[in-house]
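The values are calculated or read from the model by the stated rules, or taken from the named source; none is laboratory data. On a predicted model such as this, the values are computed, not experimentally measured, just so you know. All Cβ positions, even for glycine, are placed from backbone atoms using ideal geometry, and neighbour counts span all protein chains on display. For the accessible areas, the whole protein counts, side chains as well, though only heavy atoms, and no ligand, DNA or RNA atoms are used. Shrake-Rupley method; radii C 1.70, N 1.55, O 1.52, S 1.80 Å.
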2 protein chains.
Amino acid sequence: MSIDPTDVPIGEREVRDAVERLKPWAHVTPVMTSRTLDARAGCSVFLKCENLQRVGAFKFRGAMNALLQLDEKARGKGVVTHSSGNHGQALALAGSLLKAPVTVVVPNSAPAIKQAAMKGYGATIRLCEPTLAAREAAVAEVVASAGSTLIHPFDDWNVIAGQATAAWELLDQAGPLDAVIVPVGGGGLISGTAIAVKARSPETLVIGVEPERADDARRSLISGEIEPSGDPRTIADGLRTSLGKRPFAVISRLVDRIETASESGIIDAARFLWERLKIVVEPSSAVVVAPILEHRIGLEGRRAGAILSGGNVDLSPFFDALAAKWL
Amino acid sequence: MSIDPTDVPIGEREVRDAVERLKPWAHVTPVMTSRTLDARAGCSVFLKCENLQRVGAFKFRGAMNALLQLDEKARGKGVVTHSSGNHGQALALAGSLLKAPVTVVVPNSAPAIKQAAMKGYGATIRLCEPTLAAREAAVAEVVASAGSTLIHPFDDWNVIAGQATAAWELLDQAGPLDAVIVPVGGGGLISGTAIAVKARSPETLVIGVEPERADDARRSLISGEIEPSGDPRTIADGLRTSLGKRPFAVISRLVDRIETASESGIIDAARFLWERLKIVVEPSSAVVVAPILEHRIGLEGRRAGAILSGGNVDLSPFFDALAAKWL
């Protein structure tokens with residue numbers, strides 16, 4: 001597929017602006033290194049800990065960057081999105097900070113705990129049937145009735161520019177990198193990452209990783225058009241979605257390669273990060289570490305950045321078992 | 001109980017020396033802060049993340065500091081200790097780094113996974129019956145037969161000076177603190193902490209926290225002599241032991257107060273740290289955060305440091321359940 005350059009209207013300037021715009025609001029998350037990880041990986045790995053971002057995921061960057069670019073009037077009318085996960089929480093927090101009403105359309109199949117988290121930040125939850133049609137109808141109705149602005153979880157240039165700031169910081173913090181490795185879900189994070197990295201360091205590889213069972217980005221790059229993800233059964237719940245049009249335009253032009261991770265590889269990588277690095281990451285983040293541990297990236301002796309996208313995991317089974325044993 | 005000052009032969013000088021001595025070997029662990037934690041606690045909390053220390057616990061500081069002070073000949077004859085947990089791993093790593101043979105006397109009731117970790121660093125494991133007499137006999141035999149030097153987990157001035165370096169770093173990293181809060185097990189960490197903190201900032205409170213079910217330090221301070229801990233049933237497995245003589249001499253002189261934490265308070269604090277701060281800490285560390293979250297420290301509006309002593313937790317139940325569900 002040939003891509004008209006005008007398909008991608010954001011670049012270094014928009015990322016730099018987002019970095020400045022987010023300064024008072026988002027955390028500059030730390031970059032972790034580990035001798036144990038480097039020894040296992042055979043290369044120097046720099047982990048950008050977006051699990052330590054506000055709401056526990058990089059999603060706050062994009063949601064906040066988009067909301068900050070609405071004028072007072074638009075903010076007053078509120079914003080709406082659809083999400084069963086981290087973007088909903090991120091927009092809910094952004095709205096509470098900027099006093100903008102937030103409505104999140106949530107499939108009625110979503111866990112109650114996630115709905116509760118969004119409500120905790122003051123968002124209005126609107127349940128819908130778990131279908132694309134029902135979701136789009138619900139969003140359209142909120143837009144029509146309240147004049148709310150849709151802030152899409154990933155198919156939005158302001159959101160993408162916000163997500164780009166994580167990789168921008170990583171380059172500042174880690175120094176020159178031979179590759180930046182990033183998970184692929186709807187494509188907001190990887191497209192922002194690719195824009196940031198290629199603007200500053202064109203020779204640095206940008207490598208996406210997705211679950212084998214949700215390899216729609218890999219298939220889409222082969223066919224040249226967006227291949228639907230279907231409803232893949234993967235533990236990496238943040239990566240089940242199909243690519244957005246805008247992210248796909250960026251990925252087609254700027255991403256060097258897509259790798260995949262098996263379900264057991266994802267679980268092994270998550271366990272490694274929890275057990276050895278003592279950090280809580282969600283499976284959708286661990287996916288980037290799986291091919292590194294399996295030496296499938298081809299970076300032996302080199303310097304690799306990896307974005308750990310979030311750390312929101314349901315810990316109830318673990319702590320309920322502890323309580324049952326000890327209380 | 002009146003304590004002769006000569007009871008405590010280490011002070012600022014020994015701590016400074018240990019800081020320098022450990023520089024090439026131990027991590028300067030990060031200090032974490034969290035708006036969410038501060039809001040819940042009503043004060044500014046600075047978490048010294050010793051869960052990110054080598055072997056996942058502060059214990060590496062003391063073991064390495066003690067081993068570094070043995071001459072070549074003594075190192076060549078090896079060292080011995082008794083431990084079913086973090087100190088054994090710490091000494092095993094220290095020995096592997098300095099090419100000193102390490103023997104760890106381990107009660108045969110200790111989990112196989114902990115023995116495997118020590119063996120992984122090259123230590124020799126010597127099993128004994130889980131009684132004090134059997135343990136002491138086994139250690140004495142290794143000392144007699146191989147000429148090994150005992151490096152006690154906590155009742156050793158060089159070990160205590162090593163543990164003191166965590167609080168020393170914390171004061172450098174966090175700036176002035178109104179209190180430093182630290183768990184109490186055998187007393188190595190709290191006594192080192194008290195020496196470091198009172199040397200630099202006498203007005204800073206040093207507060208120990210132990211499980212309600214293992215409140216031997218509290219009872220010992222009341223009676224004026226070391227009260228045995230018994231075999232308390234607490235989830236905080238690192239804090240079940242009785243105080244050592246040397247730590248008790250320091251605690252009696254320099255520690256301002258002992259607080260306790262209930263089992264449910266410990267589990268709630270651990271869950272808070274995992275879920276909101278995205279860090280894996282063991283229950284013996286979470287114990288210091290319990291009274292902070294419960295507003296029982298009396299530090300509202302002040303600045304409190306807390307040492308998260310380690311992060312070694314058996315994650316098998318959690319990841320085995322994930323694997324069973326997804327693979």
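For the stretch B:304-312, putting each phi into the Karplus relation 6.51 cos²θ - 1.76 cosθ + 1.60 with θ = phi - 60° gives couplings of 10, x, 9, 9, 8, 6, x, x, 8 Hz, in residue order, rounded to whole numbers and with x for Gly and Pro. Please identify which residues in the stretch B:88-107 have an amide N closer than 11 Å to a label point set 7 Å out from the Cα of residue B:134, following the Cα→Cβ vector. Of the residues in the stretch B:88-107, B:106-107 have backbone N under 11 Å from the label point off residue B:134. With the simple model of a label 7 Å out from the Cα in the direction of the Cβ, residue B:200 to residue B:96 spans 3.1 nm. From a point 7 Å beyond the Cα of residue B:326 in the direction of its Cβ, which residues of the stretch A:72-93 have a backbone N at a distance under 16 Å? Answer for the stretch A:72-93: A:86.
Interface B-A: total buried accessible area of about 3300 Å², 1.4 Å probe, protein heavy atoms only.
Only the Cβ atoms of Lys and Arg (+1) and of Asp and Glu (-1) were treated as charged; on that basis the dipole of the protein assembly as shown about its Cα centre amounts to roughly 500 debye. Bridging of residue B:99 to lysines at a Cα separation below 16 Å is possible for B:73, B:77, B:119, once same-chain residues fewer than 8 apart are set aside. Rg and Dmax, both from the Cα atoms of chain B and both in Å, are 18.9, 63. Overall, the accessible surface of the stretch B:1-89 at a probe of 1.4 angstrom is composed of carbon and sulfur to the extent of 48 percent.
Convex hull volume of the Cα atoms of the stretch A:70-221, normalised per residue: 138 Å³. Translational diffusion of the stretch B:1-142, estimated by Stokes-Einstein from the Kirkwood radius over alpha carbon pairs at 4 °C in a medium of 1.567 mPa s, is 76 µm² per second. Take the Cα of residue A:264, step 7 Å toward its Cβ, do the same at residue A:35, and the gap between the two points is 3.1 nm. Directionally averaged projected area (the stretch B:197-305, Cα convex hull): 7.4 nm². For the stretch B:1-159, the solvent-accessible area with a 1.4 angstrom probe is 44 square angstrom per residue. Measuring r between the beta carbons of residue B:108 and residue B:303 and using R0 = 41 Å, the FRET efficiency lands at 0.35. In chain B, the beta-carbon sitting nearest the axis that superposes B on A belongs to the residue given here with its distance in angstrom, B:318, 2. Within the straight-line cut-off of under 16 Å between alpha carbons, the aspartates and glutamates reachable from residue A:23 are A:14, A:50, A:169, A:172, sequence neighbours fewer than 8 places apart in one chain being disregarded. Tell me the net charge near residue B:156. Cut-off is 11 Å between Cβ atoms, residue B:156 excluded, with +1 for each Lys or Arg and -1 for each Asp or Glu. Result for the local shell: +1.
Estimated from the Cβ-Cβ distance and a Förster radius of 41 angstrom, the FRET efficiency linking residue B:12 and residue B:144 is about 0.65. Under a 5 Å amide H cut-off, with hydrogens placed 1.01 Å from N, residue B:82 pairs with B:105 among residues at least 5 apart or on other chains.
Hydrodynamic analysis of the protein assembly as shown uses the Kirkwood radius over alpha carbon pairs. Inserted into Stokes-Einstein at 37 °C and 0.692 mPa s, it gives a translational diffusion coefficient of 125 µm²/s. Here the stretch A:195-255 has 46 percent of its accessible surface on carbon and sulfur atoms, given a 1.4 Å probe and all protein chains in place.
Our note on the geometry: Cα centres of the stretch B:214-243 and the stretch B:111-148, 23 Å apart. Across peptide B:307-319, the mean count of Cβ atoms from other chains lying within 10 Å of each residue's own Cβ comes to 3. Note on residue A:233/residue A:257: beta-carbon distance plugged into 1/(1 + (r/R0)^6) with R0 of 30 Å gives a FRET efficiency of 0.75.
Fraction of C-alpha pairs exceeding 14 angstrom in the stretch B:136-183: 65 percent, rounded to a whole number. Long hydrophobic helices in chain B, taken as whole DSSP H segments with a C-alpha length of 20 Å or more on their own axis and mean Kyte-Doolittle hydropathy at least 0.5: B:132-146. Taking the Cα centroid of the stretch A:268-327 and of the stretch B:1-80, what is the distance between the two, rounded to the nearest whole Å? Going from one Cα centre to the other spans 27 Å. Contact order for chain B, expressed relative to its length and based on alpha carbon pairs under 8 Å spaced 6+ residues apart, stands at 22 percent.
Scattering from the stretch B:1-67 was approximated by placing one identical point on each alpha carbon and applying the Debye formula without solvent; log10 I(q)/I(0) at 0.16, 0.17, 0.21 1/Å stands at -0.75, -0.79, -0.90. Taking every DSSP beta bridge that has both ends in the protein assembly as shown, the antiparallel portion is near 10%. For chain A, adding -39500 (n - 2.57) for each run of n ≥ 4 DSSP H residues and dividing by the number of residues yields -14000 deg cm²/dmol at 222 nm. Springs between alpha-carbon atoms under 10 Å, Gaussian network over chain B: tell me which of B:191, B:229, B:145 tops the mean-square fluctuations. Fluctuation is largest for B:145.
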